[in-house]
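The values are calculated or read from the model by the stated rules, or taken from the named source; none is laboratory data. All figures in this text were calculated on a predicted structure; none of them were measured in a lab. Here the Cβ is made from the backbone with ideal geometry for all residues, glycine too, and neighbour counts use every protein chain on show. We work out accessible area using only protein heavy atoms, side chains counted, and drop any ligands, DNA or RNA first. Shrake-Rupley method; radii C 1.70, N 1.55, O 1.52, S 1.80 Å.
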Amino acid sequence: MRRSSILILTGAGISAESGVETFRDKGGVWSRVRLENVATPEGFARDPAMVHAFYNARRAGLSTVEPNAAHHALAKLERVHDGAVTLVTQNIDDLHERAGSRNIVHMHGELTKAFCATCGAHSVADGDLRVDLACAACGHAGGMRPDVVWFGEIPYHMDDIYKRLLAADLFVSIGTSGAVYPAAGFVAEARAAGIHTLELNLEPSDGTPLFDEARHGKASVLVPEFVAEILSGT
């Protein structure tokens, strides 16, 4: 499988094996917490303290999880492959970075960062975020929020993502439900452009019929196998 330019989309399924909770699966986060309360601008406006508590707990939870074999395999692919490898992730955790990946596009933001709604500055979230926390860039207190894209907001870097997607000759979707747009539409965009498409997922997703190939099973098994194929040229 010789591919010069690869764009890889990852979703919650790749981090689930590391112990990171998924959102939409049975028993996932949204089965216990109303997304309207913690994942919308309106929810933050109503009760910023509750939203901060929710994301502070998730940020603290990152210290209890580690990258798995799938994360490490993708880092190896980026490091060893002699072509372009772009990793676009819907995940807000930092497991790809900790595994060694560098060419990462976080389309839904990053749990380890903060965003100032007053001046638009992005910064590292050094510890818990609070309602009274002042922005280091503008000095205003009360506008700091998790640097996470909420429902009703436009994902980050979309123009760059589409540019990279249309320049690829292989699109791979790993651990995604195929239900969240705009990411769910990437496979259709790729097919329309004549780009080969591959799904690696625990089970068939909503978009499985659109892929040229689909392999189902654990990401920690499928992704290292896929990377070995790419690097061997088979």
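Values computed for the structure shown
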item	result
Conditions (1) outside any helix (DSSP H, G or I); (2) modelled with pLDDT of 95 or more: number failed by D82	(2)
Residue match in segment 143-150 (condition: at positive phi, open to solvent by less than 70 Å² (accessible area, probe 1.4 Å) and in a loop (DSSP other than H, G, I, E, B))	no
Any hit, segment 214-234, residues being touching a Ser or Thr at 6+ places or on another chain (Cβ under 8 Å), among the charged types (D, E, K, R), more than 16 Å from H71 (Cβ to Cβ) and at pLDDT 95 or above	no
Tally of residues being open to solvent by less than 30 Å² (accessible area, probe 1.4 Å) and either among the aromatic types (F, W, Y) or free of Cβ contacts under 8 Å to residues at least 12 places away in the same chain (or both) across segment 62-117	0
G139 open to solvent by 10 Å² or more (accessible area, probe 1.4 Å), within 25 Å of F115 (Cβ to Cβ), at pLDDT 95 or above and not charged (D, E, K, R)	yes
Number of the exception - M50 against (1) farther than 25 Å from S205 by Cα; (2) open to solvent by less than 50 Å² (accessible area, probe 1.4 Å); (3) in contact with a helix residue (DSSP H, G or I) (Cβ under 8 Å, 6 or more places away or on another chain); (4) not in a strand (DSSP E or B)	(2)
Subset of segment 1-37 [β-branched (V, I, T) and at pLDDT 90 or above]	I6, I8, T10, I14, V20
Residue in segment 118-136 that is most open to solvent (accessible area, probe 1.4 Å), counting only those that are assigned to a loop (DSSP other than H, G, I, E, B) and not hydrophobic (A, V, I, L, M, F, W, C)	D126
Scope segment 206-222; condition open to solvent by less than 20 Å² (accessible area, probe 1.4 Å) and farther than 17 Å from L74 by Cα; matching residues	G207
Count - residues of segment 174-200 that are within 19 Å of A70 (Cα to Cα), modelled with pLDDT of 95 or more and open to solvent by 20 Å² or more (accessible area, probe 1.4 Å)	0
Any strands (runs of 3 or more DSSP E) falling wholly within segment 159-234 and containing at least 3 residues that are of a type outside the set (K, R), in contact (Cβ under 8 Å) with a residue 40 or more places away in the chain and in contact with an Asp or Glu (Cβ under 9 Å, 6 or more places away or on another chain)	170-174
Checklist (1) in contact with a helix residue (DSSP H, G or I) (Cβ under 8 Å, 6 or more places away or on another chain); (2) under 27 Å from A39 (Cα atoms); (3) open to solvent by 60 Å² or more (accessible area, probe 1.4 Å) applied to L166, failing item	(2)
